[in-house]
Amino acid sequence: MMSQPIKNSLGIFPKSWSEEHAGRIPGNIPIWVGILSELTEFGIFFAAYFIAKFYYPEIFAQGPQSLHTSLGVTNTIVLLSSSYFMAKAMSFIRINNKIKCERYLWLALSCGVLYLIIKTWEFHWNTLQGFSANTNEFFTVYYYMTFNHFIHVGWASCAILWVIFRLRRGAYSSAEHSGLEALAVYWHMIDLMWILIFPLLYVLR
Amino acid sequence: MKHSIKLEYYLAALIVITLLNTFLGEKFSSTTLVSILIALTVTYKGFIVIDHFMELKGANKNLRFLMRLYFVIFPSLIIVSAFY
């Protein structure tokens, strides 16, 4: 039996979902299985938020006022910038400019690390203010969501390092860069989750 | 590098919307209109990232549909929650 490319080897989707019928799949199918699983996981977090807010509207109206909004805004801008750098890295690998691709990957990684530092400082600041996951229902949901997101940024930052290593070893080119693209779409998914988390926890009263 | 210039434009738009959302939340707390505005801008931000950073515009239409649907469902719940 002939070996098939990975994009065609997972017969778990209907034919209408194939690249021939529905269009190109950025990255590869396994990363999209992962992304859709992560979206489901975060979807459960968001559902928990709305259910808790329904039962404790006053606590959820007060909650965002207890947080360090400036740190939340800064982290949002940092993550949006990281997504931009990742998109730029993709645009440069497509024209086989590996030097600029690597440069933008380092910038994306720097944003990821900066996010982790700011978030760690924010958790520390919360502790100094006397807030913890047990303070009230808002903070339980806050830590549940943000710590989970923190972990995702952490391991995706490690994945950027791995991709930089692979890029240096010549694994990616303008002709073949599906691994790099898989990381890029995953990174954008993490950014998308923060786009939803930020208004829920820091803005809406 | 037309695509690249567009990316800069979208990044600027995303940052401006983020700052605007924060300003709305800080200055006009607890109004239904503010929640609706924030929900709409969250949807818009999501669509920009999905279409232009994730590059799903012109890619697999089912994946794009699912991603965009996510950014319709949860911002809609923001609007619903404004009426609690």
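Residues A:THR135, A:THR146, A:THR40, ordered by accessible area of protein heavy atoms at a 1.4 angstrom probe radius and largest first, appear as A:THR40, A:THR135, A:THR146.
Association of chains B and A removes close to 3900 square angstrom of accessible area from solvent, both sides included, for a probe radius of 1.4 Å.
Across the alpha-carbon atoms of the protein assembly as shown, the computed radius of gyration and Dmax are 19.4, 66 angstrom.
Across the stretch B:35-50, rounded Karplus estimates of 3J(HN,Hα) from the backbone phi angles (6.51 cos²θ - 1.76 cosθ + 1.60, θ = phi - 60°) give 4, 5, 4, 5, 4, 5, 6, 5, 4, 4, 4, x, 4, 4, 5, 4 Hz, Gly and Pro being marked x.
Summarised in one figure, the compactness ratio Rg/Rh of the stretch B:2-81, Cα atoms and Kirkwood Rh, is 1.03.
The residues of chain A expose on average 45 square angstrom of accessible surface per residue, using a 1.4 Å probe on protein heavy atoms.
Evaluating kT/(6 pi eta Rh) at 20 °C and 1.002 mPa s, with the Kirkwood radius of the stretch A:1-156 over Cα pairs in the Stokes-Einstein relation, gives 115 µm² s⁻¹.
Per-residue 3J(HN,Hα) values for the stretch A:96-106, derived from phi via the Karplus relation 6.51 cos²θ - 1.76 cosθ + 1.60 with θ = phi - 60°, read 6, 8, 6, 5, 5, 4, 5, 4, 6, 5, 5 Hz in sequence order (x marks Gly and Pro). Scalar couplings 3J(HN,Hα) for the stretch A:88-95, obtained by applying the Karplus form with A = 6.51, B = -1.76, C = 1.60 to θ = phi - 60°, are 5, 4, 4, 5, 7, 5, 5, 9 Hz; x denotes Gly and Pro. Within the accessible surface of the stretch A:55-188, defined with a 1.4 Å probe on protein heavy atoms only, the carbon and sulfur portion equals 61 percent.
Run the accessible area of chain B with a 1.4 Å probe and give the carbon-and-sulfur part as a rounded percent. In chain B, the share of accessible area belonging to carbon and sulfur is 71 percent.
For A:GLU122, the solvent-accessible surface computed with a 1.4 Å probe is close to 0 Å², ligands and nucleic acids excluded.
Accessible area per residue for the stretch B:2-81, computed on protein heavy atoms with a 1.4 Å probe, is 47 Å². Considering all C-alpha pairs of the stretch A:75-205, those separated by over 21 Å amount to 43%. Relative contact order for the stretch A:25-203: 36 percent, from Cα pairs under 8 Å spaced at least 6 residues apart, divided by residue count.
The values are calculated or read from the model by the stated rules, or taken from the named source; none is laboratory data. Small disclaimer: the values here were computed from a predicted structure and weren't measured. The accessibility values were calculated without ligands, DNA or RNA, using every heavy atom of the protein model including side chains. Shrake-Rupley method; radii C 1.70, N 1.55, O 1.52, S 1.80 Å.
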